[in-house]
Amino acid sequence: MRILNFGSLNIDNVYHVDDFVQPGETKKSLGFEVFPGGKGLNQSVALARAGADVYHAGKIGADGLWLVELMRQSGVQVNLIRESDCNTGKAIIQVSNAGQNAIILYDGANQTMDPVFIDEVLSNFQASDILVLQNEINLVPEIIDQAWERGMQIALNPSPANEVIRQCYLGKVRWLLLNEIEGEWLTGKKMPEEIADALVESYPNMEVVLTLGGQGVLYRSREKKCYQEAFKVDVVDTTGAGDTFTGYFLKCAAAGESPEKALRTASKAASIAVSRSGAAVSIPYWKEVQ
Ligand code: RIB
């Protein structure tokens, strides 16, 4: 079974700060680094480092060729990444001493998907292959519809949550991986259990994976409900931890592992990722997670 990740690629400009800058404030950073990132890229790297057969489709500008090299080295198939006339997507990220982040995105080439490219990409895949999506590229609802028509199984990380997600028919999504804020935004419910229940009630074929940060993660489907605690580590940088979790969870789920086992492995991988700096570069390989 092959996994297609149709997603963003960003250049992450990371500023280390004691605490986030406030409105009207100018502050010196404690350090600056440039990393490969983007939710799409990070999730492809996590899938590949977990051992999945993953193909990434997306677009970069001329300034982003080095991102593709990192993906290739991690084991991602990169022949469906195209160069656009726009600049590569960018993220400006503040990482605080507590390891939390605040992110501003510039879409760039990530918003240049078009129907011809989508058709070209999807024509390489078949029924039962898996499509992974986030919400940092354009035409996400259209990609879901076309992949569904081809019989692909769809995993959606509706992040960042915005009106585009409301245009997606979530009944076509098998795995929905989201955090509490996105869950509340989608369902209007506040408590994790209520969020998961509401989603499965509306979409009975969906498997909901609700990440709760340091509080762990909740899994809910029609048949099953289970929970995994977060592993305790010293937090250095949480950027990309959710993406690491998503990639590892989907690799395990695609391999037919139980939700309990998939949650445990993915939580371990995410805990390793938060214990070091950067997004994609912090993602562990399978052997380290084991
Ligand atoms: O999920 C983390 C990612 O979000 C960063 O790498 C940044 O590029 C933004 O897309």
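Every number in this text was worked out from the coordinates using simple rules, so none of it is lab data. What you are looking at is a predicted structure, and each value in this text was computed from that prediction instead of being measured. Neighbour counts run over all protein chains shown; Cβ positions are idealised from the backbone, glycine included.
General remarks:
- Whether region 64-207 is rounded, prolate or oblate, judged on the alpha carbon gyration tensor where a/c under 1.5 counts as rounded: oblate
- Cβ-based charge dipole, region 123-212, positive-most Cα from PRO204, ASN162, PRO192: PRO204
- Taking region 125-180 and dividing mean pair separation by its residue count, relative contact order in percent (alpha carbons under 8 Å, at least six apart): 39
- Within the chain: Cβ-based charge dipole about Cα centre, in debye rounded to nearest 20 (Lys, Arg +1; Asp, Glu -1): 720
- Electrostatic dipole magnitude of region 246-290 [Cβ: Lys, Arg +1; Asp, Glu -1; Cα centre; debye, to 20]: 80
- Scaled to the globular estimate 2.2 N^0.38 Å, the Cα spread of region 1-94, given as radius of gyration, is 1.24.
- Positive end of the dipole of region 37-107 (Cβ unit charges, origin at the Cα centre): among ALA102, MET71, GLY61, the Cα lying farthest that way belongs to ALA102.
- Charge dipole (region 110-245, unit charges on Cβ, about Cα centre) - positive-most of GLN146, ILE118, ASN179: ASN179
- Residues whose amide H lies under 5 Å from that of ILE154, counting only those 5 or more places away or on a different chain, are LEU131, ARG174, TRP175; hydrogens are built 1.01 Å from N in the peptide plane.
- Cα gyration tensor shape of region 216-281, rounded if a/c is under 1.5, else prolate or oblate by comparing a/b with b/c: prolate
- Sorting the segments 155-161, 239-245 by their residues' average number of neighbouring beta-carbon atoms within 10 angstrom, most packed first, yields 239-245, 155-161.
- Assuming charge only on the beta carbon of Lys and Arg (+1) and of Asp and Glu (-1), the dipole of region 201-279 about its Cα centre is about 160 debye to the nearest 20.
- Zone of PHE231's modelled label, taken as backbone nitrogen in region 259-276 under 15 Å from a point 7 Å along Cα→Cβ: 261-276
- For SER8, net neighbour charge (Lys/Arg +1, Asp/Glu -1) across residues whose Cβ lies under 14 Å away: 0
- Long-range tail of P(r) for region 72-156 (Cα pairs > 20 Å, %): 47
- Taking the chain and dividing mean pair separation by its residue count, relative contact order in percent (alpha carbons under 8 Å, at least six apart): 18
- Taking Lys and Arg as +1 and Asp and Glu as -1, the other residues whose beta-carbon sits under 12 Å from that of GLU180 total -2.
- Using the Karplus relation 6.51 cos²θ - 1.76 cosθ + 1.60 with θ = phi - 60°, the per-residue 3J(HN,Hα) values for region 150-161 come to 7, x, 6, 8, 10, 10, 10, 10, x, 10, x, 6 Hz, with x marking Gly and Pro.
- Sequence-distant lysines (8 or more away, or on other chains) whose Cα lies within less than 25 Å of LYS28: LYS90
- Gap separating the Cα centres of region 9-84 and region 88-143, nearest whole Å: 11
- Each DSSP beta bridge with both residues in region 134-266 is either parallel or antiparallel, and the antiparallel ones are about 55%.
- Of LYS225/LYS251; LYS27/LYS268; LYS59/LYS268; LYS190/LYS251; LYS59/LYS251, those spanning more than 26 Å from alpha-carbon to alpha-carbon: LYS27/LYS268; LYS59/LYS268; LYS190/LYS251
- Over region 1-134, Cα pairs under 8 Å with separation of 6+ residues give a relative contact order of 34 percent.
- Anisotropy class assigned to region 144-290 is prolate, per the alpha carbon gyration tensor with a/c at or over the 1.5 cut-off and a/b larger than b/c.
- Compactness ratio for region 178-228: Cα radius of gyration over 2.2 N^0.38 Å (N = residue count) comes to 0.99.
- Note, ³J(HN,Hα) from phi for region 199-211, Karplus 6.51, -1.76, 1.60, rounded to Hz, x at Gly and Pro: 5, 5, 5, 6, 10, x, 8, 8, 10, 9, 10, 10, 7
- Surrounding net charge for ALA255, when Lys and Arg each add one and Asp and Glu each subtract one, Cβ distance under 11 Å: 0
- Per the Debye formula on identical point scatterers at the alpha carbon atoms of the chain, with no solvent, log10 I(q)/I(0) at q = 0.13 Å⁻¹ is -0.84.
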